[in-house]
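Engineer: Mind having a look at this structure? Questions to follow.
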Amino acid sequence: HRAALQDPDVVPIVVEASTLLSEEDLHLATLSVGLLTPIVAAASVFPKATQETAKSTMPLALKLTRSPLVQRQTLKSLQELYKNLILAGVVNFESLFEALSDTKDIQSVDSQFVAHSLAKCVAAACVAAAAIKQTMTTLLAKLQGVSGIEAVYTLLCIGEIGRLTDLSADKELETILFSAFDSYGDEVKGASALTLGRVAVGNRAKYLPLIVSKLESDSMEHQYSLLQALREVIVVGNLTEDEASKVLTILYGTASSEEEGVRNVVAECLGRLAASNPSKLIQDVHKRFAVSASPLEKATLISAIKFAVLASEKGELTKIRSELRLPEFMGAISDEDVNVRTS
């Protein structure tokens, strides 16, 4: 019914819908963003209404993006809005990037959630503006002189851009990402791992072999971070049979680690990988469990089945229930080792 609408009639709709962009009612805010986005996408039909978004929508959208309550569908709708604002020429990418990159108000305990939201929006706008090269140059230069939440935010921006586009030709990026593991702050180390994993999602042919190679040869110091990066790739899925085989070798090789954090990440990786091909991989876990003499490895394998259940798509769990062979694992509740019993 677009043809029945006149540009002047849509302007007040933009004004009213923009007032609903608030964390007080995220469902209503998401619906409002969903209304505003197609108006902006039809900028040639509604030029005045689209320009009104610069005054009425942008300030409230930026405020909403900084809310720690924003997740999933609301965040996706904001990404679409920013992308269309760029494509319609309502705002240029440089000014939007600057507005989203102001981190002075996100120093609270919720800062990680906000940094993730801002980074995803920056990446969506960056790709829409075809400003990848200059943005990456800016981010990599900035990373050399920041710390704390600014470093976290900068890394996450790099990761989200890498997830959406091919950065494999950037040789400097590889060096910077791996060197970031030596950061003193745990938050920055965690962000480095997520960034490496997300860059690997968009550049798997280059970065997945690098992660696997590092896990095979690197010191134990970076093992946890590298496994976190690997988890990001596994979550997205679609590994080839050869890739899955190499990853499984790494995971089984670290399943008996003395570090509980390492074992937890290994269990999640194994479970998510098993859920992607249950008929084969869950059986592999069972066979490994049956012959294992290590209580730590057994505990990890039991946890992996739990993660396989959690990672299964709706409706898939009933299909793989017989393959889980849960009674065999439940028998471990009487195991003499406390780690096996609690898993």
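The values are calculated or read from the model by the stated rules, or taken from the named source; none is laboratory data. All figures in this text were calculated on a predicted structure; none of them were measured in a lab. Cβ atoms come from the backbone with ideal geometry, glycine included; neighbour counts cover every protein chain shown.
Engineer: In region 130-146, which residues are surrounded by 16 or more Cβ atoms within 10 Å (Cβ to Cβ), part of a loop (DSSP other than H, G, I, E, B) and polar (S, T, N, Q)?
Structural biologist: Those that are surrounded by 16 or more Cβ atoms within 10 Å (Cβ to Cβ), part of a loop (DSSP other than H, G, I, E, B) and polar (S, T, N, Q): none in region 130-146.
Engineer: Here's a check for you: in region 147-171, which residue that is within 18 Å of the chain's Cα centre (by Cα) and not in a helix (DSSP H, G or I) is farthest from Gly237 (Cα to Cα)?
Structural biologist: Going through the qualifying residues, I end up with Leu167.
Engineer: For region 222-250, which residues satisfy the criterion of being over 19 Å from the mean Cα position of the chain (by Cα) and touching a residue at least 24 places away in the same chain (Cβ under 8 Å)?
Structural biologist: His222, Gln223, Glu243, Ala244, Lys246, Val247, Leu248, Ile250
Engineer: On the given criteria, is Val127 β-branched (Val, Ile, Thr) and in a loop (DSSP other than H, G, I, E, B)? First the steps, then the outcome.
Structural biologist: Values: β-branched (Val, Ile, Thr): yes; in a loop (DSSP other than H, G, I, E, B): no.
So Val127 does not fit the description; no.
Engineer: Kindly evaluate Ala115 against the criterion of being more than 19 Å from Val90 (Cα to Cα), within 13 Å of the chain's Cα centre (by Cα) and at pLDDT 95 or above.
Structural biologist: Details: more than 19 Å from Val90 (Cα to Cα): yes; within 13 Å of the chain's Cα centre (by Cα): yes; at pLDDT 95 or above: no.
Considered against the rule, which asks whether it is more than 19 Å from Val90 (Cα to Cα), within 13 Å of the chain's Cα centre (by Cα) and at pLDDT 95 or above, Ala115 comes out as no.
Engineer: Quick one: in region 76-87, of everything that is among the hydrophobic types (A, V, I, L, M, F, W, C) and buried (at least 21 other Cβ atoms within 10 Å of the Cβ), which residue is nearest to Leu36 (Cα to Cα)?
Structural biologist: Result: Leu81.
For every residue, the table says whether it meets (1) part of a helix (DSSP H, G or I); (2) surrounded by fewer than 20 Cβ atoms within 10 Å (Cβ to Cβ); (3) touching a residue at least 40 places away in the same chain (Cβ under 8 Å).
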{"site": "Val15", "(1), (2), (3)": "yes, yes, yes"}
{"site": "Glu24", "(1), (2), (3)": "yes, yes, no"}
{"site": "Ala29", "(1), (2), (3)": "yes, no, yes"}
{"site": "Leu36", "(1), (2), (3)": "yes, no, yes"}
{"site": "Ile39", "(1), (2), (3)": "yes, no, no"}
{"site": "Lys48", "(1), (2), (3)": "yes, yes, yes"}
{"site": "Gln51", "(1), (2), (3)": "yes, yes, no"}
{"site": "Ala54", "(1), (2), (3)": "yes, yes, no"}
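Engineer: Also: Out of (1) surrounded by 14 or more Cβ atoms within 10 Å (Cβ to Cβ); (2) over 17 Å from the mean Cα position of the chain (by Cα); (3) part of a helix (DSSP H, G or I); (4) not small (Gly, Ala, Ser), the odd one out for Cys121 is which?
Structural biologist: All conditions are met except number (2).
Engineer: Let me ask you something else. Looking only at region 203-221, decide whether some residue is touching a residue at least 24 places away in the same chain (Cβ under 8 Å), β-branched (Val, Ile, Thr) and closer than 28 Å to Asp284 by Cα.
Structural biologist: Yes: one or more hits.
Engineer: Just the residues that are surrounded by fewer than 24 Cβ atoms within 10 Å (Cβ to Cβ), more than 13 Å from Gly190 (Cβ to Cβ) and at pLDDT 85 or above, please, taken from region 147-167.
Structural biologist: Those that are surrounded by fewer than 24 Cβ atoms within 10 Å (Cβ to Cβ), more than 13 Å from Gly190 (Cβ to Cβ) and at pLDDT 85 or above: Glu150, Arg163, Leu164, Thr165, Asp166, Leu167.
Engineer: Identify the residue in region 273-307 that is among the charged types (D, E, K, R) and surrounded by 21 or more Cβ atoms within 10 Å (Cβ to Cβ) and, among all such residues, is modelled with the highest pLDDT.
Structural biologist: Residue satisfying both the conditions and the ranking: Glu297.
Engineer: Of everything in region 218-245, what is hydroxyl-bearing (Ser, Thr, Tyr) and within 20 Å of Ser183 (Cα to Cα)? Give them in sequence order.
Structural biologist: Of all residues in region 218-245, those hydroxyl-bearing (Ser, Thr, Tyr) come to 219, 224-225, 240, 245.
Ser219, Tyr224, Ser225, listed by residue number.
Engineer: Restricting the search to region 88-98, which residues are crowded, with 17+ Cβ neighbours inside 10 Å and part of a helix (DSSP H, G or I)?
Structural biologist: Let us first name the residues in region 88-98 that are crowded, with 17+ Cβ neighbours inside 10 Å, namely 88, 90-91, 93, 96-97.
Within region 88-98, Phe93, Leu96, Phe97 meet the criteria.
Engineer: Please give the number of the condition Gln107 fails out of (1) within 23 Å of Ala54 (Cα to Cα); (2) modelled with pLDDT under 95; (3) of a type outside the set (Val, Ile, Thr).
Structural biologist: Among (1) within 23 Å of Ala54 (Cα to Cα); (2) modelled with pLDDT under 95; (3) of a type outside the set (Val, Ile, Thr), Gln107 violates only (1).
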